[in-house]
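Below is one structure, written out as structure tokens; comments come after it.
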Amino acid sequence: MADSASAPIIRATGLTKRYGPHAVVQDVSFALHPGETLVLLGPSGCGKTTLLRLLNRLVEPDAGTVEINGQDVRRQQPEELRRGIGYVIQQVGLLPHYSVADNVAVVPRLLGHAPAAIEARTAALLRRLHLPPEQYAARFPHELSGGQQQRVGLARALAADPPIILLDEPFGALDPVTRTQIRRDFRELEELRDKTIVLVTHDVTEAFELADRIMLLDAGRVQQLGTPRELLFQSANDFVRRFFAAERLPLQLRTLTLADVQPFLPPGSQLRELPAKLPVHDALEQLTSGPKRPPSSAGVGALMHAFEQALQAEPV
Ligand SMILES: Nc1ncnc2c1ncn2[C@@H]1O[C@H](COP(=O)(O)OP(=O)(O)OP(=O)(O)O)[C@@H](O)[C@H]1O
């Protein structure tokens, strides 16, 4: 979670990038506080990847600045800068002739960490990512599934414990079931808890599940920057409204929580016993299939009724 009282860890000001006559990123500014997760969302070609790569100098801007911890990134050597910023891409980019353990250890070795510490950290990370090191550490990337390779990519980005992680469609190549699972693991990963994360996706559900704030882009311009709730219920313009129109109901179910619907629940409802910050979507899942399933299914009707009323109370 973000600590908004602290100084921004990343500040972008007036970032612009042109390729030929086209400005693919246009005058983008934002500030991220330590621990915040920003999701860059938008249609294909809107400039998400370019914006992400401007942050670690894989792309240089035509105008504007990026500051990390108050320091202009142009004052740092790109290689040095990148060692302090984890980077995960959809194509994973594992080194094919390195074992899983050696892939994970690349940056800590460059940084001169002690071999025993590297070994312990690698094993711990693989274990956390459901890749028991006894079984996977010595394998080569081609001996892994796509989802396993993406987990190794994530372990590699976390290995040197950088405070900032940039992720470009990290779950892009996966089937929907694996994608949902890996996303759940990702949310629960302790190693990511204090990180400042910028994640690119074109998947609206993914954005709503993972973001503290979402930046919705179109043709290189910021259409809206805000919390998932603000984008959904206080859309800045028609583009934003249209972008979420097709998935409005599932997004509302993910955005409103039991705390929002509580005033509209019947007195004594068992739903009051569930955590108040649980999204309505997750509460419904628990009512219909979860391990903590209450004895009565009448809860579904009461929950949907309360959800409907809570929606009407939201500003649109
Ligand atoms: N090196 C480059 N040279 C010329 N044009 C480029 C270059 N890199 C990106 N572009 C163009 O810039 C625009 C934005 O590309 P970018 O990859 O940032 O978009 P994106 O939102 O990440 O797209 P996607 O979701 O399809 O990956 C596109 O029109 C792309 O063709």
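Which Cα, out of Ala245, Gln223, Ile118, lies furthest along the positive dipole direction of the chain (beta carbon charges, K/R +1, D/E -1)?
Looking along the dipole axis, the top candidate is Ile118.
Please give the peptides 107-118, 58-69 ranked by average Cβ packing (other Cβ atoms within 10 Å per residue), highest first, as a rough proxy for protection.
Highest to lowest by the protection proxy: 58-69, 107-118.
Just want to confirm a number: the relative contact order over the chain, from Cα pairs under 8 angstrom separated by 6+ residues, in percent.
Over the chain, the number comes to 19 percent.
Place the peptides 232-245, 188-201 in order of packing, highest mean first, counting for every residue the other Cβ atoms within 10 Å and averaging per peptide.
Highest mean packing first, the order is 188-201, 232-245.
Can you compute the FRET efficiency between Asp161 and Ala7 using 1/(1 + (r/R0)^6), with r the Cβ-Cβ distance and R0 = 22 Å? Round to the nearest 0.05.
0.60
Share of antiparallel DSSP beta bridges in the chain, in percent to the nearest 5?
Close to 50 percent.
Taking all pairs of different Cα atoms in the chain, averaging 1/r and flipping that mean, what Kirkwood radius in angstroms comes out?
21.2
Can you compute the charge dipole magnitude of the stretch 45-110 about its Cα centre, using +1 on each Lys and Arg Cβ and -1 on each Asp and Glu Cβ, nothing else charged? Give it in debye, rounded to the nearest 20.
The calculation lands at about 80 debye.
For the stretch 167-316, with every protein chain kept in place, what is the accessible area per residue (1.4 Å probe, Å²)?
49
Which order do the peptides 35-42, 215-222 take when ranked by the mean count of other beta-carbon atoms within 10 Å per residue, highest first?
Sorting 35-42, 215-222 by mean packing, highest first, produces 35-42, 215-222.
Assuming 0.890 mPa s and 25 °C, estimate D for the stretch 187-296 with Stokes-Einstein, Rh taken as the Kirkwood radius over Cα pairs, in µm²/s.
Calculated translational D: 155 µm²/s.
From the helices alone, meaning DSSP H stretches of at least four residues, give me the mean residue ellipticity at 222 nm for the chain, per-run term -39500 (n - 2.57), in deg cm²/dmol to the nearest 500.
-11000 deg cm²/dmol
With labels modelled as points extended 7 Å from the Cα through the Cβ direction, what inter-label distance (nm, one decimal) is found for Glu119 paired with Arg83?
According to this spin-label approximation, the distance is 2.3 nm.
Quote to one decimal, in nm, the extra length available between Ala246 and His22 on full extension: 0.36 nm per residue of separation minus the C-alpha distance between them.
Result: 77.7 nm gained on full extension.
Say each of Ala138 and Ser289 gets a label point 7 Å from the Cα, pointing the same way as Cα to Cβ; how far apart are those two points in nm?
For Ala138 paired with Ser289, the spin-label model returns 3.9 nm.
Determine the per residue accessible area of the stretch 1-136 with all protein chains present and a 1.4 angstrom probe, expressed in square angstrom.
Value for the stretch 1-136: 50 Å² per residue.
Write down the percent of antiparallel bridges among all DSSP beta bridges whose residues are both part of the stretch 109-240, to the nearest 5.
50
Roll a 1.4 angstrom probe over the protein heavy atoms and tell me the percent of accessible area of the chain that is carbon or sulfur.
52
Lys and Arg at +1, Asp and Glu at -1: add these up for the other residues within a Cβ distance under 9 Å of Arg213 and post the number.
-3
Identify which of Leu32, Leu55, Leu287 has the largest mean-square fluctuation in a Gaussian network model of the chain, with springs joining Cα atoms closer than 10 Å.
Leu287
The values are calculated or read from the model by the stated rules, or taken from the named source; none is laboratory data. Since the structure is predicted, the reported quantities are computational estimates derived from the model, not experimental observations. All Cβ positions, glycine included, derive from the backbone under ideal geometry; neighbour counts span all protein chains shown. Heads up: the accessible areas ignore ligands, DNA and RNA and are worked out on the full protein's heavy atoms, side chains in. Shrake-Rupley method; radii C 1.70, N 1.55, O 1.52, S 1.80 Å.
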